[in-house]
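The values are calculated or read from the model by the stated rules, or taken from the named source; none is laboratory data. Just so it is clear, the model here is predicted, and its values are computed rather than measured. Glycine also receives a Cβ, built like all others from the backbone with ideal geometry; neighbour counts cover every protein chain displayed.
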């Protein structure tokens, strides 16, 4: 079992939940912000369009706040609470929650980020690798959250309201970033969209409806899993699309659009074709498996390295600069029928039966 921090967050209003989060995670939020502050500056400096010094992180963060306030004002209140509890300026918490949008605005590369497998059937199961910068390996935690319409459990980064998780209605979300030519920091951050689904969706249909109605400005695919159904909802400034499992009940997701209309605006796939290599490798592997994709099956399928044909399980190089050292920070298995996640701290190649931490969505 992992020694990763578990935060049990509660409160009968968004602001109180945020204050509780901020107080519990204050040191972690401060550390995470220092890394992100440097990451934003490093990426922007490497983009010739930003060399003039016009990359204004506070302004970009607050622009996403305005969009969020219009869509789901409770999320803004919750971030305000985090800022108060952590004793941080509000715009820094907004920037953490909008880190995907700000990095998109800066022109960040997203090489090696996240691979997801889901199988539907009598019981829907699946999971993913979560890949991110090695310098942020200590900047995430496990969490349970109560006090909203739905209680939920999952993993997220310090100061960010949610990421991957499952709620007490058995609605789970898995997360892969995409890239579209129109990506910017003007809409509702995708991490806050995931938070809204986990805290409010009581069914598969409600979750999909929330996602397709979210006015986002950066691209992602959020895979919704319930006990009997699953679908990937692709979100981008160019619109949204719902991608359903194939005729074998399989969903394989990496970091490119599968919807042909949205794929016309593809940015990531043109820049970083390794996403197609991972997709092909995982599709080939999963076709040889029958039955549910539980933790043991996921580890076997996801433990692929460069010498296997694609780097699904990422290991940061010993050398390199901030922004170039990618690693699989967590491996997650989801069982929506049981309202449960299993989390391994690190990549699938290091997982054993004793390294999984179980998390169950709390009820009211």
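Below is a table of values for the structure above.
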read-out: Qualifying residues in segment 301-319 (those that are under 24 Å from the mean Cα position of the chain (by Cα) and loosely packed, with under 14 Cβ neighbours inside 10 Å) - the one nearest to residue 227 (Cα to Cα); value: 306
read-out: Filtered residue count, segment 320-341, keeping only those that are over 20 Å from residue 276 (Cβ atoms) and within 16 Å of the chain's Cα centre (by Cα); value: 8
read-out: Residue match in segment 248-270 (condition: closer than 29 Å to residue 83 by Cα and in the same structural domain as residue 123 (by TED's automatic domain parsing)); value: no
read-out: Evaluation of residue 89 against (1) surrounded by fewer than 19 Cβ atoms within 10 Å (Cβ to Cβ); (2) more than 22 Å from residue 214 (Cβ to Cβ); (3) assigned by TED's automatic domain parsing to the domain that holds residue 252 (one fails), failing number; value: (3)
read-out: Residue match in segment 270-290 (condition: part of a strand (DSSP E or B), touching a strand residue (DSSP E or B) at 6+ places or on another chain (Cβ under 6 Å) and under 30 Å from residue 95 (Cβ atoms)); value: no
read-out: Matching residues in segment 220-238 - criterion: being farther than 19 Å from residue 124 by Cβ and surrounded by fewer than 24 Cβ atoms within 10 Å (Cβ to Cβ); value: 237, 238
read-out: When residues of segment 65-75 are limited to those that are touching a helix residue (DSSP H, G or I) at 6+ places or on another chain (Cβ under 6 Å) and touching a residue at least 12 places away in the same chain (Cβ under 8 Å), the one nearest to residue 37 (Cα to Cα); value: 65
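Okay, residues lined up against (1) outside the structural domain of residue 86 (by TED's automatic domain parsing); (2) touching a helix residue (DSSP H, G or I) at 6+ places or on another chain (Cβ under 6 Å); (3) buried (at least 20 other Cβ atoms within 10 Å of the Cβ); (4) at pLDDT below 95:
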{"residue": "144", "(1), (2), (3), (4)": "yes, no, no, no"}
{"residue": "148", "(1), (2), (3), (4)": "yes, yes, yes, no"}
{"residue": "153", "(1), (2), (3), (4)": "yes, no, yes, no"}
{"residue": "169", "(1), (2), (3), (4)": "yes, no, yes, no"}
